[in-house]
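Reading through the structure tokens given below for one structure.
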Amino acid sequence: MVEHTRSLGFRVAFALGLGTMIAAGIFSLSGTAVAAIGSSAVIAFVIAAIIASITAASYSEFASIYSENGGGYLFSSRTFEDRDFLVYTVGASLFMGYTGTTAFYLATMDEWFVEFVIPHGWPVPHGTVGVLTAVVLGALNAKGTEESGTFQVVVTGAKVAVLLAFIGGAFAYKPPAETIGTFTSSFSTDAAGIVTIAALAFITFFGFSAIAASAGEIIEPRRTVPRAIAASIVTVTVLYIFVIVAMINSPIPAEVIAQEGETAMGRVAEAFLGSIGMNLIVAGAIFSMVSASNASILAATGIGALMGRQGQAPRRFSRIHPDYGTPFWSVTTATATIVALIALFIGVFPAEGGLLGLNLGLTALTGFATLNLLAPLSLVNGALIYSRRRYPELERPVRVPLVPLVPVLGIVANLALITNLPVDGAVTGVLVVAGLSVAYLAWGGAPDVEELFERVVEPSGTARSTAGQSDAAGTDTAEEASGDRYRILVPIARPHTAPRHVRLAATVGALRDGEPIIQVVNVTNIPDQTPNEMVGDLAKRRADRLREALDGVDVDAEVTVEGHICRDVAFDIVQTARDDGADLIVMGYAEEHPDIAETVQYDAPCDVLYSNGLAEAGSFETVNVGAGGGPHHRALLPLVNALGRSGADVHVINVSPTADTGGTAEDVHDTLDDLPDTETIQVHSVQAASVAEGSSTPRQRPAACSSSGRRAPGGSGGGCSGAPRPRHRPG
């Protein structure tokens, strides 16, 4: 059985959407918008937010049905199963939309570098910094990086703080009443200009798709995805409104703002906050654009990999690099596309003086990217109408009201924005997608991977894990199967170690329950760049190897084997223990990844038993335990007592700290008092830097294991070791 464990909660999902929206759009378009239509820029941004919200509603309903990675391409492929070309155009357009958006972010960042960072007079061609950054981000994503949810929250918080500092500077520069008065007197009645700015501003709200595209990683996606999308759109709209208010109250003349264009916000920040404030805004803007670019590269990579898997792109796009574990070719293609777009729109055909008289530039690049987002989003709205009619039996935890009216309104609004995009950028976008479509028709595509072979791995047991799937239907089944029986979770990284750990778990389980359940789990860890759907077969093969390793193991316990897919191994282990009601976790100590062991130790809902160097036989004739008095130590002693009651020799080792450690010795009598059923106890006094070091010496060749109880303040850890009887008793 292979399962995927979700690891992102509402807080991280909200931060993901908000962080993706706070990017080049607000830092570059605010100056352009204010210069064009004054305070009416607020109206334009609100229009863009409303239109984005309509499509976001369709995304939310689809995400509640298909809680997987892939976003609009996945929704279209599941809805239009027999219309390959239509689905291909959605995928190709979204791929160009994401890469175009990244190119827009990095090209804007390049302008900020030229204006504020690179000394004036240096002969650095426009687009150079953007291209180099794209290559670096591509290399990092090809190699594979791990970005924790906490890091995403911190990054987004920093972006919001930068905007709040800018807004605060405006209200500190003038009294609030005067600030509001200036804003209300600067509205424009240019309806066409408002719609044009709304069309350009739409790209700033497309971050909601990053949430839907990550639905496969989000906990309780049917509930969390819609809430995170709504919260992020509302929050960023409020922030953008206040940024526009600040820009309107700038002491910088309007003609200067118009001349500065995409870098005007930096000049306004200097007027409000001085050089320090300007540097803060510049650093925040550059950082925001880089982080949002990385998120867009991830999205483009995921779509490319899924298209390769479904035969709508070269099969190489779906291949996982053997060393990095990422869809290397998809990352490489996305990066190359971004570099090409920056080079063409900024280097070869800039806004002025383009080759052969063709002038494109940053505004045209915005139109190119926005077209390739709006067009497939219109089709996603249409897909919702089609899905309601063709698949009425589907469970839809989130339902868009007033269908088909709301999706039709979304289609019309998206098409209206398309008609107001810069013509040169929109035409370029149409030509590129048309060229890709002709190439696809000439190629003919390839079979879906699922059509090439089918492989099913049945679980070896009746218990079934529901890790990360607390809203799934299988929860009740798992609870009924386990009942009140003692459940031991055994995470295994290397199949050849599984027999030893299962025997250890069976020994411990026999002391606690006559019929324990041993739940063996292998976690396939994947980086952010790899959709979990890409490694399902790998996880199945690893589960097969794990089952084969356990075929000859005869224990008095029910053993189940599972394969999980997760981006955070420690989270998977803890969540599995929590969801399945594990009473104990038995696992090897991850010496190469101590952070995993530490997270499991402190976050697990049950006791944890670490083991290392277990003998093949897994017998326990000798048990070593350190003297101590903490809660973790006391949690271990009932197990030691049970082993002693079953005939094992128990050695209590009183470890005195060395002079350089500065610790204090424990009272050995506290430990002895908690071992009333153990007949044979030997007490040893040693000096060492730690209990673990003193409890295990090379000449004993122990199979060392240590145990921790639930997290509690204070106290010392406990340690034990079991091994075949040594030739000489430790003295």
- What ranking, highest mean first, results for peptides 162-169, 431-438, 68-75, 595-602 when packing means the other Cβ atoms within 10 Å averaged over each residue? 68-75, 162-169, 595-602, 431-438
- Amide H of V523: which non-local residues (sequence gap of 5 or more, or other chain) have their own amide H closer than 5 Å, using H built in the peptide plane? I492, H564
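Which percent, to the nearest 5, of DSSP beta bridges fully inside region 477-614 are antiparallel? Write down the numbers at each step before the final one.
Details: 0 of 21 bridges.
Antiparallel bridges make up about 0 percent of those DSSP assigns within region 477-614.
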- Can you list residues whose amide H is under 5 Å from G626's amide H, if they're 5+ apart or on another chain and H is modeled 1.01 Å from N? I653, G719
- For 647-653, 191-197, 351-357, ranked highest to lowest by mean beta-carbon neighbours within 10 Å, the order is 647-653, 191-197, 351-357
- Message: Could you derive backbone 3J(HN,Hα) for region 49-59 from the dihedral phi with the Karplus parameters 6.51, -1.76 and 1.60 (θ = phi - 60°), listing whole Hz in sequence and x where the residue is Gly or Pro?
- Response: 5, 5, 5, 5, 5, 5, 5, 4, 5, 5, 4
- Arranged from highest to lowest average of other beta-carbon atoms within 10 Å per residue, in what order do the peptides 536-544, 92-100 appear? 92-100, 536-544
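Can you sort W443, W329 from fewest to most other Cβ atoms within 10 Å of each residue's own Cβ? Don't skip to the end; give the middle numbers.
Working: W443 11, W329 22.
Starting with the residue having the fewest Cβ neighbours, the order is W443, W329.
Between N279 and R223, 0.36 nm times their residue separation minus their Cα-Cα distance comes to what?
On the way: separation 56, 0.36 × 56 = 20.16 nm, distance 4.01 nm.
Gain in length upon complete extension: 16.2 nm.
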- Once amide hydrogens are built 1.01 Å from N within the peptide plane, the residues lying 5 or more places from Q687 or on another chain with amide H under 5 Å from its amide H are S656
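None of the figures in this text is laboratory data; all of them are computed from the coordinates on show. None of the values given here were measured: they were computed from a predicted structure. Positions of Cβ are generated from backbone atoms using ideal geometry, with glycine treated the same way; all protein chains shown enter the neighbour counts.
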